[in-house]
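Since every read-out is calculated from the coordinates, none of them should be taken as a lab result. Please read these numbers as outputs of a predicted model, since none were measured by experiment. So basically every Cβ, Gly included, is an ideal-geometry build from the backbone, and we count neighbours across all protein chains shown.
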Amino acid sequence: MNGRNGRLAGTAASLLLTLFGLVFVTFFIGRVMPIDPLIAILGDHAPEDVMARTRVELGLDQPLVVQFGLYVWRLLHGDLGRSVMSSNLVTQDIARYFPATIELATVAIIVATLIGVPLGVLAAVRQGSVIDKVIRVVCLAGHSIPIFLLALLSLLIFYATLDWAPGTGRADVAFEGMNPVVTGFLTIDTAWAGDWDAFYDAWAHLAQPAGVLAYFSMAFIARMTRAFMLDALAGEYIITARAKGLSALRVIWRHAFGNIAVRLITVLALTYAGLLEGAVVTETVFSWPGLGQYLTVSLLNADMNAVLGATLVVGLIYMALNLFADAAYKMFDPRVR
């Protein structure tokens, strides 16, 4: 019990230290950037006396150490400040925009997993064959082509040329604001309201950006699955299982895949965290009103409270998913325990 308590205390201390480091780095990066927050608030032509008074009111005249202490104190009370662009609390803006990012990333990781894992297993089982080479080329392309280029090609082909998909945004203008916001997930809210036209429109708008992110993530998941499976199939227990006359499907999926499932959980959790963190470019190209676009627009407008708040939220989620992956690894793998 003491050993377990010690490990829990060590984990908690590590998380707190990481969180403090995240807050420290994001705060000082925001302060050393060549962007004056007063210009973003008051404009370029504000009188000097107004600039000086506002600087004092915001505490920007204090030393950086004092400003950091005040910032941490506000964070401990759940205060991320107020956005210059929207004049809302940053927490309110994040609560408004983040569900769109979660919806996009969740659909992408589900599609990527359902396609990437079987492809990785198939490539490992048929190592060196034409199928293996094709899968490796497809995955290499998905992992090498910049995601903004994939997004632009998707719009060019499926929207501008073939007219199979709707344009950018999260929904058609005709459906915006037509249904009450319950969860913030448009596909769920429209189904909850029974507005099936809006429901199908939401899925149609979701398909392109989610497909781009899914292809990018699928390439990584398939490559990792293939590597894990090749290592597992070379194990002596696989040779023993085949010698016992077990079927190929049982050897592959029960013994080999069952042995790599724990490592795949870690890969999937970190990939999902990466989607939540790295959907900035995709959301910008598709004008998807999520946290990534909010972060980009805030940065372009020198809205540092919004930038720091969004960065902290993404960092916290990344830490939480990393912790979940470690816990899952220890839970399902007795060797780690």
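Pair-distance distribution of the stretch 79-232: all C-alpha pairs, bin width 10 Å, starting at 0; shares per bin in whole percent are 10, 29, 29, 21, 9, 2. Assuming charge only on the beta carbon of Lys and Arg (+1) and of Asp and Glu (-1), the dipole of the chain about its Cα centre is about 2160 debye to the nearest 20. When you restrict to C-alpha pairs under 8 Å that are six or more residues apart and normalise by the size of the stretch 90-332, the relative contact order lands at 31 percent.
Rounded, prolate or oblate: which one fits the stretch 274-326, using the alpha carbon gyration tensor with axes a ≥ b ≥ c (rounded when a/c is under 1.5, else prolate when a/b beats b/c, else oblate)? Note, shape of the stretch 274-326 comes out oblate. Normalised by the number of residues in the stretch 151-283, the average gap of Cα pairs under 8 Å and 6 or more apart makes the relative contact order 23 percent.
Got a sec? Charge dipole of the chain, +1 on Cβ for Lys and Arg, -1 for Asp and Glu; which of L246, A204, H143 is way out at the positive end? Farthest towards the positive end: L246. Of the trypsin sites (Lys or Arg not before Pro) in the stretch 172-264, the ones in a loop by DSSP (not H, G, I, E or B) with at most 15 other beta carbons within 10 Å are K244. You can think of it this way: the chain between A204 and V181 has 6.4 nm of extra reach, that is 0.36 nm per residue less the Cα-Cα gap. Residues whose amide H falls under 5 Å from that of G169, counting only those 5 or more places apart or on a different chain, are S287, W288, with hydrogens built in the peptide plane. According to the calculation over all Cα-Cα pairs in the chain, the P(r) per 20 Å bin from zero is 24, 49, 24, 3, 0 %. Based on alpha-carbon atoms, the Kirkwood radius and the radius of gyration of the stretch 78-168 give Rg/Rh equal to 1.16. Here the Kirkwood formula, the inverse mean of 1/r across different C-alpha pairs, assigns the stretch 123-193 a hydrodynamic radius of 15.8 Å. Taking amide H positions as modeled 1.01 Å from N, with prolines and chain starts lacking one, the residues under 5 Å from R82 and 5 or more places away or on another chain are V90. When you count the other C-beta atoms within 10 angstrom of each residue and take the mean per peptide, 289-301, 130-142 line up highest first as 289-301, 130-142.
Helices meeting the span-like rule in the chain (full DSSP H runs, Cα extent of at least 24 Å along the helix axis, mean Kyte-Doolittle score of 0.5 or higher): 2-32, 90-125, 196-233, 257-278, 304-332.
One quarter of the surface of the convex hull around the alpha-carbon atoms of the stretch 50-90 equals 3.3 nm², the direction-averaged projected area.
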